[in-house]
Every structure is written in structure tokens, then in C-alpha cells.
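The values are calculated or read from the model by the stated rules, or taken from the named source; none is laboratory data. Remember, predicted model here, so these are calculated numbers, not experimental data. Neighbour counts are summed over all protein chains in view; Cβ atoms, including those assigned to glycine, are modelled from backbone coordinates with ideal geometry. Only protein heavy atoms, including side chains, enter the accessible area calculation; ligands, DNA and RNA are left aside. Shrake-Rupley method; radii C 1.70, N 1.55, O 1.52, S 1.80 Å.
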Amino acid sequence: MESIGPAVFWTVQALAVLLFLLGVGSFRALVQGCFTLRRRDRAGSPDYSDVLLKSALAPAVTTIAVPPDALPESRQFARRLLDLHFGRNEVVIVLDGPSEAEMLTWSSEFKLYRSARPVERKLPTAPVRGVYESRDPIRVVVVDKEPGGTADAWNAGVNVATSPVIGLLDPESEFAPTVLLRMIQPMLEAFEETVAVCGGESIPAAADLTSRWGALESLRAWMTRGAAFASRNLVLPIPGSAVLARRDSIITSGGFTGGALELIMRLHGYALASQKPYHIAFLPAPVSFGRAPRGMAELRRMVRRDQRELALAFRHRKSLAGPFGWRMLQDLYLDRSVRPKLETVAYVLTAAGLVMGWVDWKLAGFVLLSTAAMGMVQSLGAVVLRELAQPARSAPAQIASLFLAAIPENLGYRQ
């Protein structure tokens, strides 16, 4: 027992130091994101949406949707895609093994008829049973295919698409009708080098506490995966962001194996391995953002969805990005996976050490400083740095509400 006390003391001390350093690293990423946003804000980004709406220079875009069912929410999302403002926008809806009733619902929704449109086999997918178009004057194509999974359905959509650019919008996001017009502009500035564009903003805070916690989660991700990673040309999309990607780059890199995050990682990895100049642009504009969670159940689902995508990307990082996978995900892995586990161990050992007299109150205070207090610094810092980078973007009341929400967020919720 005499040897256990010093071992616990030094273990807790080492964990506290390590957690403090991880917190400093996360805050450093936020500062880096702030400077990136400031540089972009000073350089300016003119909006040519009105010109591009009528210009023949803008390439056609195929927006792909993979609805899981034929419920009203899925059909409403497809309608929202058809309402986007763009000169040449085609919507491809891929149904992955729909039942007869679901197929009948979609046929009634868009007045479908069987099309003779050919399907290229650029990417391997489950067999396509039929391709349908609408009798109404809308550019929508519905694909009926054998069950193969979501990624397989995305690849089928790429095969059917005829446009050089593929658009991906999150069904659980709010996006502006002009999202494609804004997103295509960074691509037009250097079309040969720009293989993709990730655009959007963090979730705006609402009145209740859970929505503010969701806004803080989204803000930290937006300032790191978006702004900070953009300075190293390693941009990754966050939940709720919109993505444009060149169809030829998607096909050359092997297509989808998951969602938008895995696709962007694959595009990064293929471009880095080819050693050719490339760019994945970041557009910090209010073109798309996630929906504010209402209640703990929605907040938990939002966080778990993001964690699940990150975990899959990390697990498949070698197949997605080869030797560059760890370079892209190391900061996220340390912050979202390693740090929570270390915090849990530190809390358990500190509590046991206090009871047994192995840990003094000074060390226990340092543990709290390295965990909860450091988390508050990150959350409060993200709010302040966002305002420094893009002044007058938020109302004073909204900033104050996020400040207050950052305190209870780090007293149990984030841990």
C-alpha cells in the first residue's frame, strides 16, 4: 500500500500536465483559425452570385440526395434541392433498395416516367434497376437500385450525374437557396487546382441552454476543421456544411466509402500522393449550417453522429489518405478521443487519491484547471476569437449567452 500512494500521485500529476498541454494545443488551433479568418476578411470575397446565375461560364452542378425512406421529411429535402438558385442545377435522388410502396410514393411526388438515360459504370455499385425522370419541367433524376448501403448509393449518383461538379448538402442542415452560387465561386477562381469546396458556418445559438451547447460544439469545430485546417490546406467538413467536389476527382480517387468527411479525406490523400498542386477551399459564409438542437436528446444525437463519422474516418484513415491520414486527424483524435478518456481516468484517480490521502488539494486543483477550466478557456476563447476575426457578426446578447453557457458545459457535459 505504501508504494501505491506515490504511484497514484505521480500518475495524476502526469495526467494533469498532459491534459493541460492538450488543452493548450486545442486553444492554439482556435487562435490559428482566428488569424486565418482575419486574413480572409481583410482580403474580401466579392459575391458574384447575380452574374453567375446567368453566366454560361459556371459549370453545371449535380446535387445528389440519398434519402433513407419516402417520408415527408425526405421528400421535402429533395424539393429544397430543386429550389436552389443556379443556372444549371440537376438533382439526382438515389433510392437504395426501396419497397414498392416507397417507389410509388416517389413516383407520385415527381410524376416519374422510365428514362432511357444511360448509366456509366465509373464506380462499382449494386445493380441499378431503373432510372426515372419527371414529366414536370424540373431537372430531377430518380435512381432505383438494389440495396448496397449509403456509400454505394452516393457512388451510383456520381455514375448517373452528367455535370462536372457534384454537390452534397446535409439533410439535417439549413442552407440558403444561393448556396451553389456562393460555393462555386472559389472553384472558378482556380478550377484546375480546386478539387473541392467546403462551406458554411457554425450553428447559431438559440434561447435554450442545449442549443447554446450545440452552438459551442459547432463553433469549435468550424474554427478548427474549417478555418485552422484551411491554413494548412487540410480542410475537413463539419456537420451542417455544404460540399462541392469535382466529379472527375471523386471517380479518380475511388468514390465514396462513407459520408462527406471520408470523401474529403480521400480527395486530400489522393491529391497529396499524386504530388500535384491542389486546393480544397474553405468558404466561411452563411450558406449552410446545422440545425440548433432542441433538448438533450437532439444534442446527444448531433454529437454522437459527429463522433461516429470521425471514428470511422480515423479507423479507415490508411485506406482513405494513406500515410497522410494521421496528419489530417491527429489533432481531432487527440481532442475528441484521447482527451476525454484521460480526463475520466484523472477524475477517478484524483477522487480516490483525495479519499485515501494520496493526492493533496493543490494537485486536485491542478486537475480541475487542466480539465474543466481549460475547457472553459477553449469555449470562451472560441467566442472571443470569432468576434475578433469577424467583428459585428453576433449580437451582444448572443455573445453573452454563449459565455454563460460555456461554464456549465465544462462542469460535466463535455467530460
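Y333 versus (1) open to solvent by 50 Å² or more (accessible area, probe 1.4 Å); (2) more than 25 Å from G199 (Cβ to Cβ); (3) hydroxyl-bearing (S, T, Y): which is the lone unmet condition? For Y333, the failing item is (2).
What number of residues within the range 283-311 satisfy the criterion of being open to solvent by 60 Å² or more (accessible area, probe 1.4 Å) and of a type in the set (A, V, I, L, M)? Matching residues across the range 283-311 total 2. Note on the range 66-83: among residues that are part of a loop (DSSP other than H, G, I, E, B) and under 21 Å from the mean Cα position of the chain (by Cα), the one that is surrounded by the most Cβ atoms within 10 Å (Cβ to Cβ) is V66.
For the range 166-181, enumerate the residues that are closer than 22 Å to I280 by Cα, open to solvent by 10 Å² or more (accessible area, probe 1.4 Å) and not in a loop (DSSP other than H, G, I, E, B). Within the range 166-181, L168, F175 meet the criteria.
Yes/no matrix, rows are residues, columns are (1) open to solvent by less than 30 Å² (accessible area, probe 1.4 Å); (2) in contact with a strand residue (DSSP E or B) (Cβ under 8 Å, 6 or more places away or on another chain); (3) free of Cβ contacts under 8 Å to residues at least 40 places away in the same chain; (4) not basic (K, R):
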residue: P340; (1), (2), (3), (4): no, no, no, yes
residue: V355; (1), (2), (3), (4): no, no, yes, yes
residue: W358; (1), (2), (3), (4): no, no, no, yes
residue: Q378; (1), (2), (3), (4): yes, no, no, yes
residue: L402; (1), (2), (3), (4): yes, no, no, yes
residue: L411; (1), (2), (3), (4): no, no, yes, yes
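For the range 260-288, which residues satisfy the criterion of being of a type in the set (A, V, I, L, M, F, W, C), part of a strand (DSSP E or B) and within 14 Å of N233 (Cβ to Cβ)? First the steps, then the outcome.
Of all residues in the range 260-288, those of a type in the set (A, V, I, L, M, F, W, C) come to 260-261, 263-265, 267, 271-273, 280-283, 285, 287.
Add one more test, that the residue is part of a strand (DSSP E or B), and what stays is 280-283.
Once the filter is applied, which keeps residues that are of a type in the set (A, V, I, L, M, F, W, C), part of a strand (DSSP E or B) and within 14 Å of N233 (Cβ to Cβ), the range 260-288 yields I280, A281, F282.
Where residues in the range 182-216 are open to solvent by 30 Å² or more (accessible area, probe 1.4 Å) and of a type in the set (D, E), which of them is farthest from V165 (Cα to Cα)? It comes out as D208.
Search the range 84-105 for residues being β-branched (V, I, T) and farther than 16 Å from I138 by Cα, and hand back the single one that is most open to solvent (accessible area, probe 1.4 Å). Break it down into steps so the answer makes sense when it comes.
Within the range 84-105, the first condition is being β-branched (V, I, T), and the residues that meet it are 91-94, 105.
Subset that is farther than 16 Å from I138 by Cα: 94, 105.
Working: V94: 0, T105: 49 Å².
Once the filter is applied, the top-ranked residue is T105.
Here S319 meets each of (1) surrounded by 15 or more Cβ atoms within 10 Å (Cβ to Cβ); (2) farther than 25 Å from P284 by Cβ; (3) out of contact with any helix residue (DSSP H, G or I) (no Cβ under 7 Å at 6 or more places or on another chain) with one exception, condition (1).
Any idea which residue in the range 268-282 is least open to solvent (accessible area, probe 1.4 Å), counting only those that are over 16 Å from the mean Cα position of the chain (by Cα) and of a type in the set (A, V, I, L, M, F, W, C)? Break it down into steps so the answer makes sense when it comes.
Narrowing the range 268-282 to residues over 16 Å from the mean Cα position of the chain (by Cα): 269-279.
Next, only the ones that are of a type in the set (A, V, I, L, M, F, W, C) stay: 271-273.
Details: A271: 10, L272: 37, A273: 69 Å².
Only one residue fits best here, namely A271.
When the test is whether a residue is open to solvent by less than 30 Å² (accessible area, probe 1.4 Å), in contact with a Ser or Thr (Cβ under 7 Å, 6 or more places away or on another chain), at pLDDT 90 or above and more than 20 Å from L188 (Cα to Cα), G240 passes it.
In the range 12-40, the residue that is nearest to Y333 (Cα to Cα) out of those that are among the β-branched types (V, I, T) and either in contact with a Gly (Cβ under 9 Å, 6 or more places away or on another chain) or crowded, with 17+ Cβ neighbours inside 10 Å (or both) is V31. Of all residues in the range 153-165, those satisfying the criterion of being more than 20 Å from P127 (Cβ to Cβ) and surrounded by fewer than 24 Cβ atoms within 10 Å (Cβ to Cβ) are T162, S163, P164.
Only a single item in (1) surrounded by fewer than 21 Cβ atoms within 10 Å (Cβ to Cβ); (2) not in a loop (DSSP other than H, G, I, E, B) is not met by A228, and it is number (1).
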